[in-house]
DNA sequence: CCGGTTTATTAGCTAGGCTAACGATTGTGA
DNA sequence: TCACAATCGTTAGCCTAGCTAATAAACCGG
């Protein structure tokens, strides 16, 4: 039943699908006009509770200077708070603010984001496939 | 067996997975130092044979000015050729050059791109899931 | 206490998106 | 026929999001 899937072809297919989907998702700002990148960082930070910029950069697979900019934008909007490390004067502690957590809660409540709407149109079985795929992709991205 | 999948949660999972994977794939330039975006445009153009900038922009789900820049970068590298429309003086015809087609052929031959390597490590069954997922995602992105 | 390491930031570059505005060309309707 | 609207590509200007290199401050080991 399951036909053999050559990794190279699958890579091309996946790359194209992800590129296009990413573009689509990126255009539709779901909550509070935040970009996908910002939502991802905010989510990671909230899950972890509190992180240093370096740790958050590692979690997001991004270089520290990139994270500096992302955090600055999130801080401007009052979604992330920056406080000094208690013992190490170099480090900074990042945490989500109440407003940041509210944005995430709102996102979780959102049933009508562009992507969610599209997914709702799919048959249940395809959503199941995407769920398993999402887990596999997370694993691949972490590798 | 298959548990119900709420679209909103699935949207969050997929969004995160795709964001992270996209970042990873974007960092690893597979062939000729081209970005994923450039490869995607070049592929679309090659598949179609010849397109106007507007048509290519539509195919890539991008605004015309964005395509202007992308095409300019591809032209600089000699991968895309621009020629005047035979009857309509406003339009331009884009086509891949021999070099452009060679890059794509090389890409298709490439068995060792970062993503292909990661996919090769997966069990066959997971690759099958990803294949089906890629098809579904293409459909979603096109919608 | 001094030299090396780590942390975060700044500076400067690139790609890749967008909207608004514009010039050239084409099509059209009176 | 000819003025006017529509279309096409581009330019200009803005933003996000990545990167590397360099730097200042702080920490730590000997």
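Read-outs: derived from the displayed coordinates by stated rules, not from any lab. No experiment lies behind these values; they were computed from the predicted model shown. Using ideal geometry, Cβ is built from the backbone for each residue, glycine included, and neighbour counts are taken over all protein chains shown.
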Scanning segment B:64-75 for residues that are under 17 Å from residue B:99 (Cβ atoms) and within 8 Å of DNA strand C (Cβ to nearest atom), which turns out nearest to the other protein chains (Cβ to nearest Cβ)? B:70
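Given the structure, is residue A:128 away from DNA strand D (no atom under 16 Å from the Cβ) and within 7 Å of another protein chain (Cβ to nearest Cβ)?
yes
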Of the residues in segment B:78-93, how many are within 9 Å of DNA strand C (Cβ to nearest atom) and more than 13 Å from residue B:51 (Cβ to Cβ)? 4
Residue B:49 meets each of (1) crowded, with 20+ Cβ neighbours inside 10 Å; (2) more than 14 Å from chain A (Cβ to nearest Cβ) with one exception, condition (1)
Would you call residue A:58 over 30 Å from residue B:59 (Cβ atoms), more than 8 Å from chain B (Cβ to nearest Cβ) and part of a loop (DSSP other than H, G, I, E, B)? no
Among residues belonging to segment B:85-104 that are within 13 Å of DNA strand D (Cβ to nearest atom) and touching a residue at least 24 places away in the same chain (Cβ under 8 Å), point out the one that is farthest from the other protein chains (Cβ to nearest Cβ). B:85
Could you check, for segment A:110-123, whether at least one of its residues is more than 12 Å from chain B (Cβ to nearest Cβ) and either more than 15 Å from DNA strand D (Cβ to nearest atom) or touching a strand residue (DSSP E or B) at 6+ places or on another chain (Cβ under 7 Å) (or both)? no
Residue by residue through segment B:28-61, note down the ones that are closer than 22 Å to residue A:143 by Cβ and out of contact with any helix residue (DSSP H, G or I) (no Cβ under 8 Å at 6 or more places or on another chain). B:29
Only one residue in A:74, A:107, A:45 is within 11 Å of DNA strand D (Cβ to nearest atom), in a helix (DSSP H, G or I) and more than 22 Å from residue B:40 (Cβ to Cβ), so which one is that? A:74
Residues of segment A:16-29 satisfying the condition of being surrounded by fewer than 22 Cβ atoms within 10 Å (Cβ to Cβ), farther than 16 Å from residue B:43 by Cβ and either facing chain B (nearest Cβ under 7 Å) or more than 10 Å from DNA strand C (Cβ to nearest atom) (or both): A:24, A:28, A:29
